[in-house]
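What follows is calculated from the coordinates using simple rules that are stated; it is not laboratory data. Here the structure is a predicted model, which means the values were calculated and not measured. Reconstructed Cβ throughout: ideal geometry from the backbone, glycine too, with neighbour counts over all protein chains shown.
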Amino acid sequence: MKTLSVDGKTVSVESGTMLYDAAVLAGASIPTLCRHEGLPHEGACRVCMVELHRRGTVRLVASCMFPVNEEGLEVRTDTERVRAARNFVIRLLLRRNGDSAAIRRLAAEENVLPDGRLPALEKELCIRCGRCIRACSANGTDALGFALRGWDRKTTPPFGEAAATCVGCLACAEVCPTGHISWEEKDGHRRIWGRDFALVCCEHCGEPFATEEQLAFLRAGHPSDALSPEEERFCPRCRRIRAGQSFTLEEVKDR
Ligand code: FES
């Protein structure tokens, strides 16, 4: 365990815990954008900056990326310097992707006013945080990556072609903080990243819950991830319901 101080509060955490988690444990509130609880962190957005006092030095660090590996760190999450850094980062995000509801919400929460005179520089909502890429990689499908550099950097399947290893699971779209990734469902098919996937519907509630490719991917992967033939017939919600209480179809649909 390591002990540190967060805004004057002493807290002990396991060695290697990120400053962000230690600060939250101490009751601090730090805004984030690219961080996702279930994914490796990348420190792409710099919204979560805090002031770190360490061995006689003071500097700003991205709290989601800095591990607590020593005793006596001192963290301040709400100093003038921290607020100025966050303000600056959020202003940049607003300037570039100001049409994003997520960024506007973040700006409102941090009391950063959009500059109404200037239109967003990009129409796209992507902020290059890489969450979609990390989710796809964590799933083992690795269908996405970054292409190009600087201003032109973008998320794409390899060579900008239809994503060969994509299974249409929508994990990328679900973790995207800005809603940039779009897909379409029509006539029993889902279209995303340039490919069509056949949807599998739940035998109980009738809702589509997976693609055929997704179930096949799970079957071919680690045996503990695969669903039994019985489980493959029902969506996760109905599976849970069938395992415990029984509900009417109307109640299932209402939940
Ligand atoms: S949330 Fe920490 S860098 Fe984005």
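Taking region 127-194 as the region of interest, the strands (runs of 3 or more DSSP E) fully inside it that hold 2 or more residues being out of contact with any Lys or Arg (no Cβ under 7 Å at 6 or more places or on another chain), among the charged types (D, E, K, R) and farther than 21 Å from residue 38 by Cβ are 184-186, 189-192.
Go through region 195-234 residue by residue and tally those that are closer than 30 Å to residue 105 by Cβ and assigned to a loop (DSSP other than H, G, I, E, B). If you could, list the steps in order and put the result at the bottom.
Here is the first cut: in region 195-234, the ones closer than 30 Å to residue 105 by Cβ are 207-209.
Subset that is assigned to a loop (DSSP other than H, G, I, E, B): 207.
Number of matching residues: 1.
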